[in-house]
Amino acid sequence: MVPHSSGEFYLIKLSKRVNEVSYAIRDVLVHAKKLEAKGKEVIYLNIGDPLKYDFDTPEGLKEEMYKAVKDGRNGYSDSKGLSELREAISRKERDVNNVVLDPENIIVTTGVSEAINALVASLIEDGDEVLLPNPSYPPYISYSKFYHGKPVLYRTDEENMWFPDMEDLRKKISERTKAIFIINPNNPTGAVYESKTLKEIIDIAGEHGLPIVCDEIYDQIVYDGKFVSMASLSKDVPIIGLNGFSKTLLITGWRLGYIYFKEENGELSELKNGIEKILRVRLCSNTPAQYAVANFLNKSSDHLKGMVEKLRARRDYIMRRIEESDLLNCIKPKGAFYVFPRVSGTIPYSKDSDLVLDLLGEEGVLVVPGSGFTDGKLEGLYFRMVFLPRLEVLEDAMNRIERFLNRHRILS
């Protein structure tokens, strides 16, 4: 870097690609922290982290982590992940999701976020397209743009439980399409797709020779019906599965996930090799956490039942409050731990981001604007909120939200 003759350095310019990155779920935190610094109390309903509330990592898993560290399991591991963990993941997918996987087709990642990054980096060239649900989890959109691809969002139908609109999905496939992505159970809507819907997507992908990428991190957090994994239904369409342990094992900060490849004739081998190359550069995922989870997965996961029951009660409370309101409308989520309500009353806002910031400023409740989950068109004003807090906190939050909406409603 060459300084000015005055000794001052030139302004360091940001790369253009960074301007394509956004993450609404955490971007809104900046505003909340400024308010807190001024002494305002904030109820945080933006981030899907159960450990920020009254959930805790299972004691048995904590003990496994402590044991791994004490036993000296603190060095680098294989970049693909410990063989013990990949074998345990294979058993989990077989027993829980009816998906048969060779452990060699499983790669351990630093959370699902790293898996998304490595996958998109390996999958697309400049101008390539990926089909994403609208609304969608923001990193899929951001990483697609970051690597100079084009995220093409297909419609999901609010009136049909936020299931994909198959006609719109078909219409948006082009010669540049590289893959169809689904998020099931869905973030932000909480939709859980039925087998019929999944089979239709498989058929469409097969007709066009496209692989399917399925994010299933909430596979064991389902309240109504039964979760069905995409990979359990596909016979010859290649499936790239993304999953992790942050939510179901309550270890969000340990950052441990995985990506798997289900194929019939090696269609994904080149992609898999590319992802492995990228992950070798970052060395490995957290080694003691890998040992801990590998050992814990071989034992009971009794904590899940209590966790889901507690979440179901909180979901039902939130839905009752929304249904009692004449200003909000929401499809009941069947999985994950989010609601995605639409403001249905007459409110003088054209942008959901303005509504969210005013709600924060006036009532101290932090939610995420619905537009943060889309790069396309989403009719209406939406926001996403978690229902992770205790019932008394949710009651306080809903009282504040209703007070805000009533204050701003336009009376005819």
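Points worth noting:
- For the range 59-297, the residue among Leu271, Ala294, Tyr76 whose Cα projects farthest onto the positive side of the dipole built from Cβ charges is Tyr76.
- The C-alpha atoms of the chain define a longest principal axis, and helix 391-408 lies at about 50 degrees to it.
- Tensor-based shape of the range 59-297 (alpha-carbon gyration tensor, a/c under 1.5 rounded, otherwise prolate or oblate): prolate
- Across Ile124, Ile183, Ile259, mean-square fluctuation computed from a Gaussian network of the chain (C-alpha pairs under 10 Å connected) peaks at Ile124.
- Out-of-range pairs (alpha-carbon distance over 30 Å; input Lys52/Lys172; Lys67/Lys226; Lys196/Lys332; Lys16/Lys172; Lys52/Lys262; Lys33/Lys172): Lys52/Lys172; Lys67/Lys226; Lys52/Lys262; Lys33/Lys172
- Rounded to the nearest 10 degrees, the inclination of helix 59-70 to the longest alpha-carbon principal axis of the chain is 50 degrees.
- With neighbour counts taken as other beta-carbon atoms within 10 Å, the residues Glu175, Glu36 rank, fewest first, as Glu175, Glu36.
- Dipole of the chain, positive end: most advanced residue of Gly257, Phe163, Ile240 [Cβ charges, Cα centre]: Gly257
- Ellipticity at 222 nm from helices only: DSSP H runs of n ≥ 4 in the chain, each -39500 (n - 2.57), divided by the residue count, give -12000 deg cm²/dmol.
- Straight-distance crosslink candidates among aspartates and glutamates, where the alpha carbon sits under 19 Å from Lys299 and sequence neighbours closer than 8 are dropped: Asp56, Glu59, Glu63, Glu64, Glu84, Glu87, Glu93, Asp95, Asp219
- Within the chain, percent of DSSP bridges classed antiparallel, to nearest 5: 50
- The range 218-258 and the range 351-403: distance between their alpha carbon centers, rounded to Å: 27
- Legend: ranking of residues Lys80, Lys226, Lys299 from fewest to most surrounding C-beta atoms inside 10 Å; resulting order Lys226, Lys299, Lys80.
- GNM flexibility winner over the chain from Gly253, Gly380, Gly370 (Cα, springs under 10 Å): Gly253
- Measuring nothing but how far apart in sequence close Cα pairs (under 8 Å, 6+ apart) lie, relative to its length, the range 59-297 scores a relative contact order of 30 percent.
- With the convex hull of its Cα atoms as the shape, the range 333-412 has an orientation-averaged projected area of 5.9 nm².
- Measuring nothing but how far apart in sequence close Cα pairs (under 8 Å, 6+ apart) lie, relative to its length, the chain scores a relative contact order of 23 percent.
- In plain terms, the residue of Leu85, Leu283 with the fewest other Cβ atoms within 10 Å comes first and the most crowded comes last, giving Leu283, Leu85.
- Once the Cα atoms are used to define both axes, helix 111-123 deviates from the longest principal axis of the chain by about 70 degrees.
- Prolate/oblate/rounded label for the range 9-153 (Cα gyration tensor, a/c 1.5): oblate
- Charge dipole magnitude, Cβ of K and R +1, D and E -1 - the chain, Cα centre, debye nearest 20: 820
- Ordering Leu85, Asn186, Pro135 by Cα displacement along the dipole of the chain toward the positive end leaves Leu85 in first place; charges were set at the Cβ atoms of Lys, Arg (+1) and Asp, Glu (-1).
- Cα gyration tensor category, rounded, prolate or oblate, for the chain with a/c compared to 1.5: rounded
Values in this text are rule-based calculations from the coordinates and carry no lab data. As the structure is a computational prediction, the values presented were derived from the model and not from experiment. A quick note on method: Cβ atoms are made from the backbone with ideal geometry, for glycine too, and the neighbour counts reach across all protein chains shown.
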